[in-house]
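The values are calculated or read from the model by the stated rules, or taken from the named source; none is laboratory data. Source: prediction; values computed, not measured. Here the Cβ is made from the backbone with ideal geometry for all residues, glycine too, and neighbour counts use every protein chain on show. Accessible surface is based on the protein model in full, side chains and every heavy atom, while ligands, DNA and RNA are left aside. Shrake-Rupley method; radii C 1.70, N 1.55, O 1.52, S 1.80 Å.
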Amino acid sequence: MAVDSKFQYMDIDVKIKKFTWRIQNFSSLVDKKLYSEVFTFDSYKWRVLIFPKGNNVDHLSIYLDVADSATLPYGWSKYAQVGFGVIDQLDRETSSTKVTHHCFNARQADWGFTSFLRLTELHNLKRGYLLHDACLVEVYVCTDKTLDFISHEFIVKTDWDELKAKEADCVKAVIDNQKAPTTKPVEITPPSPTQSSSQTVAIEPEESAEEDMNTFFTSLESELSSSRIVYSKEEAKEALAKINEALNTTPVNLNDSGKFSPLKQAFMILASFDGSSTTLTIDQKNELLGLDERLKELANRAAKAVQDKDQLTAKESIKRTMTCNLESSLIRYKEVETEVKQVDQTLAALREEVEEAQKRKEKMLAERKGIYRSCKEMKMELDALGKELAECEATAKVGEEEEKSVEAEWGRIKDFISSIEAKI
C-alpha cells in the first residue's frame, strides 16, 4: 500500500538536526512497519522506523535506524542523543516525547522505544495526535557527546514554522511603529562643538512623557480589572483536585500522561482565586504560576533518570546475554577441541592401516608379477614340450614296431635254440 507522507529535515544547530515526518491517512495503514525516507547527518545515513500498530505491544513503536549499516566498515560505531516526538497538533505542549542516548553499531543499528505511546491515547479523538488522520512525527538527533539539551521542553518549544511566523510579525510591528505618528518633537540645537548649527535632535518634553505614562498605566489597570476572570470556589477546588491528582502520581507517569496543559490552567485558576477567607500573597501567586514549568522540569528529569536506569538495565541484560553466549561458546570450543584430537587419533590409526594395506598390496602385486613370469615360462616350456611330444610319439610308434619285431625275432631265436637243444 502506498503511504502518503511528507518528510523534511533542517539544521537547528551545527551539531543537531530536526526531522519532521507527516504521515497522512494514518488509521488506514496496513503495513506492520514503516520506514521514512533516508537522510544524511554527520556523514551517516539515517531513517525513522515506526510500527503504527505496535511492535508486538499495544503502543506505537518508534526507532532511529542507520540505513546503510550493512555496508559500513567492520567495527563502526556512532554515538547519538535522540529525541522522539509524536506531536499533539491541538496543543503542542502536551505532545508525547521521549529522549534516549545510544552508541549505534553493527549489532544494534536501530534504537528507540517499543512502548512509546499507547494506541488508545494515540487514537483518542480528544487529543490532536491524529488531526485529520495525519500523524506528525519529529525526531531530533545530536551526535556531540558534550551536548545534552534535547528534552521534552526543547522538543515542544522547537516549532520553526511558528517561530518564523512570530519573527515575521515582529518585523511587521517594527515597520508599523516606524510609520506611526509620534509626539511632535521640540527641535533644539545642542551646544556640542562637534555638531553644526544645521543639526537638530528630537527630544520629547519630560512633562508630556510623564503624563503619557500615567495615562497609559491608569488605562491598563482599568482594562485589566474589567477583563479579569473571576473564578468560583468550586472551580478553585476542582483545580486543586487536578493538581493533587497529578502530585499523587509519579513524575514519570505525569510526564508520560501529557497532562501539563490542564495543570497550567489549574495553577492559573488558583493564582487568580481570591476567597473571602484566603488571600494569596504576590509571592505565593507567582510561585503557583511558576509551578507548571517546575513540575515539567522535574517530570523531565525523572523521566530521564528512569530512562538512564532502563538503559543501564538493558545494557546489563545485553552484557549478561553476551557473557552467557561467550561461556557457551567457550564450552563448545573445548568440546570441539577434544573432538578434533579424537579425529586426529582416528586419522592416525587409519593412516597406519592404510600403510599396512599398501604394503600388503605391494607384496601381492609383486607375488602376482612373479606368478605371471613363472606361468609365462612354464607355458613356453609346455609349448616346447608339445613339439617334443609329437616327435616322441612318432619315435615311440616306431619303437613299438621295433619292439614287436625284436620280440618276434627273439621268439624265433628262442624257438631255434629249443630245437637245437632237443637234438642234443
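Carbon and sulfur: what percent of the stretch 231-320's accessible surface (1.4 Å probe)? Summing carbon and sulfur atoms, their accessible area is 56 percent of the total for the stretch 231-320. Partners of residue 376 within straight-line reach, counting lysines whose Cα lies under 24 Å from its Cα and excluding those fewer than 8 residues away in the same chain: 361, 363, 387. Per the Debye formula on identical point scatterers at the alpha carbon atoms of the stretch 231-320, with no solvent, log10 I(q)/I(0) at q = 0.13, 0.14, 0.21 Å⁻¹ is -0.52, -0.57, -0.97. Using a simple spin-label model with pseudo-atoms 7 Å out from Cα toward Cβ, residue 335 and residue 305 lie 4.7 nm apart.
Taking all protein chains as present, what is the carbon and sulfur share of the accessible area of the stretch 16-169, in % to the nearest whole number, probe 1.4 Å?
Working: 3620 of 7100 Å².
C and S atoms contribute 51 percent here.
Ranking 101, 123 from most to least accessible surface, computed with a 1.4 Å probe over the protein chains only, gives 123, 101.
Pairs 15/296; 78/296; 15/319; 126/285; 18/157: which are spaced more than 20 Å apart, C-alpha to C-alpha? Each step should come with its number before you reach the end.
Values: 15/296 25 Å; 78/296 30 Å; 15/319 31 Å; 126/285 30 Å; 18/157 12 Å.
Pairs exceeding the cut-off: 15/296; 78/296; 15/319; 126/285.
Residue 346 contributes about 80 Å² of solvent-accessible surface, heavy atoms of the protein only, 1.4 Å probe. Here each label is just a point 7 Å from Cα along the line to Cβ, and for residue 344 and residue 420 those points are 10.7 nm apart. Counting only residues at least eight positions apart within a chain, or on another chain, the lysines with an alpha carbon under 26 Å from that of residue 423 are 414. The label-point distance for residue 405 and residue 57, in a model that sets each label 7 Å from Cα toward Cβ, rounds to 13.3 nm. The length gained on full extension between residue 355 and residue 389, counted as 0.36 nm times the residue separation minus their Cα-Cα distance, comes to 7.3 nm. In the context of the full set of protein chains, the stretch 231-320 has a per residue accessible area of 63 Å² (1.4 Å probe). With a Förster radius of 60 Å applied to the beta-carbon distance between residue 281 and residue 328, the computed FRET efficiency rounds to 0.30.
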